[in-house]
1. Please check which bits of segment 124-142 a label hung off E153 would reach, taking the label as a point 7 Å along Cα-to-C-beta and the cut-off as backbone N under 20 Å.
2. Once R0 is set to 35 Å, what does the formula 1/(1 + (r/R0)^6) return for the Cβ-Cβ distance between E275 and T445, expressed as a FRET efficiency to the nearest 0.05?
3. Calculate the spin-label point distance for K338 paired with D527, positioning each point 7 Å from the Cα along the beta-carbon direction, and give it in nanometres.
4. If one takes the longest principal axis of the Cα atoms in the chain, at what angle in degrees, from 0 to 90 and to the nearest 10, does the Cα axis of helix 339-352 lie?
5. Counting other beta carbons within 10 Å of each residue's own, what order do T502, T135 fall into, fewest first?
6. Beta carbons within 10 angstrom, averaged per residue: use that to sort the peptides 383-391, 485-493, 150-158, highest first.
7. Show which lysines lie in cross-link reach of K32 when reach means a straight Cα distance below 19 angstrom and same-chain residues fewer than eight apart are skipped.
8. Could you list the residues of segment 408-431 with an amide nitrogen less than 14 Å from a label point located 7 Å from the Cα of T316 in the Cα-to-C-beta direction?
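Every number in this text was worked out from the coordinates using simple rules, so none of it is lab data. Note that the structure is a prediction, hence the values are computed from the model and not measured. Here the Cβ positions follow ideal geometry from the backbone for every residue, glycine too, while neighbour counts run over all protein chains shown.
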Amino acid sequence: MAFDGSIVHALLHELKQELEDGRIAKIVQPEKDELIITVKKEGRQKRLLISVNPSLPIMYLTEQNKNAPLQAPSFCMLLRKHLTGGRILMVSQPSLERIVELEIEHFNEMGDLCRKTLTVELMGKYSNIILRDGTRILDAIRHVSLLMSSVREVLPGREYFIPFHEEKLDPFAADEYNFAEHVYVSGGLNIAKALYTGITGFSPATAQEILYLAGLDSDRPVSSFTQQERQKIYAGFCSVMERISAAGAGREKPGILFRGEEPAEYGAFRYRMYEDPAFSWKEYESVSKLLYDYYSRKQTASSIRQKTAGIRQSITTILNKDYKKYDLQLRQIRDTEKKEKFRVYGELLTAYGYSVQSGASEFETTDFYTGKPVRIPLDPRLSAVENGKQYFKKYAKLKRTSQALGEIVVQTKEEIDYLESVLVSLDLVRSAQDIAEIRKELSQTGYGRKSSVKGSSGNAGKRAANERSQPLHFISSDGFHMYVGKNNLQNEELTFHMASGTDWWFHAKEIPGSHVIVKTQGRELTDRTYEEAARLAAHFSGSGSAEKAEVQYTMRKNLKKPPGAKPGMVIFHTYYSMAASTDISGLRQEELS
């Protein structure tokens with residue numbers, strides 16, 4: 001679901017409604033590869049953002065504005081000269097290309113009525129914005145010489161054409177015959193690649209959708225399909241084209257596909273291959289709003305990942321050391337398990353040493369605890385009594401080691417559990433306030449510097465530290481308020497301060513995760529609420545990516561915090577458990593004020 005021809009086609013419907021017959025009031029070029037064109041129509045004002053950044057070529061209507069540089073670039077000055085005050089006659093898309101053309105009528109310096117075409121090509125690293133007079137290029141935001149491309153020059157005075165346009169199939173003019181001619185030409189290609197390289201405007205995701213509808217493997221070579229299978233592929237193509245046409249007419253709603261709370265993909269319509277409980281679909285009334293929301297969320301998620309990368313790396317480094325230390329301690333404990341054998345050897349040698357021959361290397365006798373024969377290795381240089389004393393010394397040493405290791409192993413395991421819970425908290429970060437609260441928690445528990453609580457830097461960091469992060473808030477189907485802690489400080493606050501004794505507490509069993517509190521308000525919880533709260537606990541845990549997890553739940557009054565325990569740690573003895581799905585789609589979430 002990339003920014004492909006189907007998205008451009010759906011966007012075109014919106015651009016036609018909002019821009020056609022409007023007049024260009026202002027043109028700014030805030031970045032070297034970005035334009036914002038302000039259009040006035042029927043007393044309203046719209047801004048069209050066009051970016052041909054190779055990493056993110058995009059185009060949509062927006063309410064946002066950006067400051068223009070003090071001195072406009074030459075391309076921006078040329079556009080202002082030709083297009084300011086001009087009327088947008090038509091917005092079009094050739095075939096299903098990732099191209100939008102704005103035909104603009106304007107008066108030149110002599111007062112003559114002229115027409116120009118602003119062509120926006122949204123083609124990855126080949127993206128460009130080109131001003132044309134007919135087929136002649138007046139200028140482009142990015143010049144392309146023959147040294148840069150042997151296919152096409154994009155320079156003032158050159159003829160404009162769309163590269164490889166004639167070689168691909170126009171999907172709007174396709175029939176079963178020319179579809180086969182363009183798709184099955186190379187027997188070595190797999191069928192998915194043959195579809196998106198042979199048809200104009202198709203992305204790999206669109207090709208995968210066609211094959212999903214046909215019920216066929218996308219990795220098979222095109223030469224392997226029977227005539228009946230080819231008919232299924234063409235039927236899948238026709239089905240997809242019907243939905244693309246419906247999206248272009250406004251009859252299909254675009255949307256964002258979410259995996260959990262993070263946007264995964266977007267499309268002009270919902271692809272059938274993603275109808276899975278792991279995904280949820282949010283519809284939008286406009287493609288522009290969808291694109292703005294999607295890339296804002298992606299940018300926010302990327303920014304959060306960058307800001308939490310240092311914390312995650314520090315925690316992971318400590319955890320890796322703890323894992324190795326814990327394994328070594330467990331091996332040492334297993335080694336101490338033979339201490340009882342040494343004690344018995346010492347006792348047997350003390351009791352029966354008189355029958356041991358001098359210089360013997362072993363002594364065979366009967367264990368008076370089990371009645372079984374036992375063979376005791378001996379140091380031939382020592383007497384039986386001295387060998388017995390050596391075994392008692394080994395026993396005493398291993399006993400001391402076992403007692404000391406028992407405490408150390410518990411401490412190491414507690415640290416591992418705590419640090420794993422912090423990693424889960426980092427996955428739930430949604431804002432600067434969440435990051436600041438985790439930094440605060442780490443400084444309190446000795447894993448971070450106190451100065452780092454202030455966040456990144458300056459006033460923004462101080463505000464993030466001072467503003468409190470809020471837990472997630474859900475409403476059950478039967479009206480019960482459910483709260484989810486996003487970190488250990490919130491877990492502790494929810495469980496020991498916000499919850500009353502008769503409220504219910506949920507948590508994934510033996511897995512780091514969020515505390516989920518359900519406020520009863522004096523009512524008996526419904527079975528459906530128990531199940532929904534358990535789903536929240538399973539989802540917001542280390543098992544969130546699995547289909548199910550075991551969840552323990554009990555009344556808040558049954559919980560205690562061990563003395564000296566880290567934030568969020570509880571103990572309990574009375575509880576129930578259930579296997580819960582990690583899918584929380586359909587649960588109603590509300591913002592806390």
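1. Under cut-off, by backbone N: 126-142.
2. Values: r = 43 Å, r/R0 = 1.24.
Taking R0 as 35 Å, the efficiency between E275 and T445 is 0.20.
3. A separation of 5.6 nm, rounded to one decimal place.
4. 10 degrees
5. Numbers: T502 13, T135 10.
The fewest-first ordering by Cβ neighbours comes to T135, T502.
6. Details: 383-391: 18.3, 485-493: 24.6, 150-158: 13.4.
In decreasing order of mean packing, 383-391, 485-493, 150-158 become 485-493, 383-391, 150-158.
7. Here the lysines satisfying the reach criterion relative to K32 are K66, K81, K125.
8. The answer is 420, 423-424, 426-427.
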